[in-house]
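Only one structure is covered here, and it is reproduced in the block below.
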Ligand SMILES: Nc1ncnc2c1ncn2[C@@H]1O[C@H](COP(=O)(O)OP(=O)(O)OP(=O)(O)O)[C@@H](O)[C@H]1O
Ligand SMILES: [Mg+2]
């Protein structure tokens with residue numbers, strides 16, 4: 001497509017709204033995926049990821065806002081756009097009486113291809129890497145094998161944009177790593193990828209940027225490094241003198257102090273924004289050894305997901321007896337504190 005080389009984003013979503021009756025699935029969603037980038041799209045169940053993807057695919061019409069791929073409107077230019085995208089859902093359905101190989105060939109033929117010999121070689125390679133027997137009837141395939149059929153067909157295509165909605169649901173870890181290899185290869189070939197996933201290791205391995213969506217709104221967006229700044233690193237050190245000064249620092253959280261051979265072991269979480277000051281304070285205590293572990297995406301993720309889980313628990317406790325319990329109140333306070341610290 002001519003627009004691919006002209007620097008237009010692969011995906012451009014701004015102020016996107018979509019309601020189902022009284023349920024507001026998308027609420028002013030913003031999401032941009034530059035061409036050639038692998039974008040992780042994360043969020044708890046019901047956050048609006050699949051709805052976003054269905055709008056992009058032209059399967060659903062949004063209520064308001066802008067949704068474009070390669071500069072074209074996803075609704076009006078859906079037919080043209082579909083020649084340039086490939087889509088893998090998390091729950092692949094196949095034609096039950098076709099074999100896996102026939103399904104792959106049918107899906108591939110739908111797109112058309114120039115070089116049949118190269119396609120055959122790549123098909124064989126994909127089947128081998130994904131350990132898929134293409135001779136079995138689709139109705140006999142397990143969930144994971146159905147996913148593999150769709151993934152083989154997707155990676156056989158020469159799409160400019162891969163739209164993947166939890167594509168590795170049901171795949172074992174070995175196959176998941178084959179999947180990440182092919183995503184990397186797609187990126188190296190200049191393709192763009194939107195990857196909706198609950199699997200953090202997958203996202204950490206392949207994504208250039210991550211967008212976290214909640215209640216139909218993007219709540220975090222950035223590169224993994226940028227997002228990691230929002231969280232805390234774990235510091236473990238053995239120091240020579242009394243660690244009491246550390247307890248007085250706001251950036252030091254959950255300080256634990258234990259006796260250690262010839263010194264004192266301290267373990268705490270440090271706000272990354274103030275890590276330099278924290279390390280100076282630790283150094284002043286006479287460091288015997290120190291380990292700083294950067295935050296994982298999981299911690300970032302859990303902060304957002306944790307809120308959802310806690311809110312549900314509070315609601316359940318309130319519902320049980322009509323008034324919030326002490327525990328519920330404490331949780332609500334923790335949540336508020338956490339939020340205040342975040343933004
Ligand atoms: N066809 C529909 N009719 C009514 N409500 C819908 C429909 N599709 C989605 N919703 C609602 O819209 C909201 C967003 O759902 P969506 O499927 O986009 O979430 P998701 O982020 O993909 O979640 P998951 O991680 O569970 O796949 C949910 O509240 C869901 O119940
Ligand atoms: Mg979904």
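The values are calculated or read from the model by the stated rules, or taken from the named source; none is laboratory data. All figures in this text were calculated on a predicted structure; none of them were measured in a lab. Using ideal geometry, Cβ is built from the backbone for each residue, glycine included, and neighbour counts are taken over all protein chains shown.
Scan segment 169-183 for residues that are assigned to a loop (DSSP other than H, G, I, E, B) and more than 19 Å from residue 125 (Cβ to Cβ) and report the count. Quick ask: steps written out before the conclusion?
We begin by selecting, within segment 169-183, every residue assigned to a loop (DSSP other than H, G, I, E, B); these are 169-172.
Keeping just the survivors that are more than 19 Å from residue 125 (Cβ to Cβ) gives 169-170, 172.
Qualifying residue count for the region: 3.
Show me the strands (runs of 3 or more DSSP E) found entirely inside segment 9-93 where at least 1 residues are more than 28 Å from residue 156 (Cβ to Cβ) and in contact (Cβ under 8 Å) with a residue 12 or more places away in the chain.
On the way: elements: 11-20, 23-33, 38-42, 64-69, 85-88.
Of the strands (runs of 3 or more DSSP E) lying wholly inside segment 9-93, those with at least 1 residues that are more than 28 Å from residue 156 (Cβ to Cβ) and in contact (Cβ under 8 Å) with a residue 12 or more places away in the chain span 11-20, 23-33, 64-69.
Confirm whether residue 184 is touching a helix residue (DSSP H, G or I) at 6+ places or on another chain (Cβ under 8 Å) and surrounded by fewer than 18 Cβ atoms within 10 Å (Cβ to Cβ).
Answer is yes for this residue.
Give 146, 191, 135 a once-over and let me know the one that is surrounded by fewer than 18 Cβ atoms within 10 Å (Cβ to Cβ) and more than 16 Å from residue 49 (Cα to Cα). Don't jump to the end; show me each part of the working.
Values: 146 fails: surrounded by fewer than 18 Cβ atoms within 10 Å (Cβ to Cβ); 191 fails: surrounded by fewer than 18 Cβ atoms within 10 Å (Cβ to Cβ).
Of 146, 191, 135, the one residue that is surrounded by fewer than 18 Cβ atoms within 10 Å (Cβ to Cβ) and more than 16 Å from residue 49 (Cα to Cα) is 135.
Scanning for something within 12 Å of ligand 1 (Cβ to nearest atom), more than 29 Å from residue 201 (Cα to Cα) and out of contact with any strand residue (DSSP E or B) (no Cβ under 6 Å at 6 or more places or on another chain), does segment 31-53 turn up at least one residue?
Within segment 31-53, the first condition is being within 12 Å of ligand 1 (Cβ to nearest atom), and the residues that meet it are 41-53.
Filter once more, keeping what is more than 29 Å from residue 201 (Cα to Cα): none.
No, segment 31-53 contains no residue that is within 12 Å of ligand 1 (Cβ to nearest atom), more than 29 Å from residue 201 (Cα to Cα) and out of contact with any strand residue (DSSP E or B) (no Cβ under 6 Å at 6 or more places or on another chain).
Considering each residue of segment 21-52, count those that are over 16 Å from the mean Cα position of the chain (by Cα) and within 13 Å of ligand 2 (Cβ to nearest atom), and give that number.
Looking only at that region, the number is 2.
Of the numbered conditions (1) part of a helix (DSSP H, G or I); (2) buried (at least 22 other Cβ atoms within 10 Å of the Cβ), residue 162 satisfies every one except a single condition; which is it?
The failed condition is (1).
Return a yes/no flag: does segment 131-152 have any residue that is touching a strand residue (DSSP E or B) at 6+ places or on another chain (Cβ under 9 Å), touching a residue at least 60 places away in the same chain (Cβ under 8 Å) and either assigned by TED's automatic domain parsing to the domain that holds residue 52 or away from ligand 1 (no atom under 16 Å from the Cβ) (or both).
Within segment 131-152 (the criterion being touching a strand residue (DSSP E or B) at 6+ places or on another chain (Cβ under 9 Å), touching a residue at least 60 places away in the same chain (Cβ under 8 Å) and either assigned by TED's automatic domain parsing to the domain that holds residue 52 or away from ligand 1 (no atom under 16 Å from the Cβ) (or both)), the answer is yes, since at least one residue qualifies.
Considering segment 58-86 alone, what residues qualify as being under 19 Å from the mean Cα position of the chain (by Cα) and within 14 Å of ligand 1 (Cβ to nearest atom)?
None; the set is empty.
Here is a yes/no grid of residues against (1) touching a strand residue (DSSP E or B) at 6+ places or on another chain (Cβ under 7 Å); (2) more than 16 Å from ligand 2 (Cβ to nearest atom):
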site	(1), (2)
159	yes, yes
163	yes, no
167	yes, no
173	no, yes
186	yes, yes
191	yes, yes
196	yes, no
199	no, no
203	yes, no
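Just for segment 53-82: of the residues that are out of contact with any helix residue (DSSP H, G or I) (no Cβ under 8 Å at 6 or more places or on another chain) and within 16 Å of ligand 2 (Cβ to nearest atom), which one is farthest from residue 43 (Cα to Cα)?
Among those that are out of contact with any helix residue (DSSP H, G or I) (no Cβ under 8 Å at 6 or more places or on another chain) and within 16 Å of ligand 2 (Cβ to nearest atom), it is 59.
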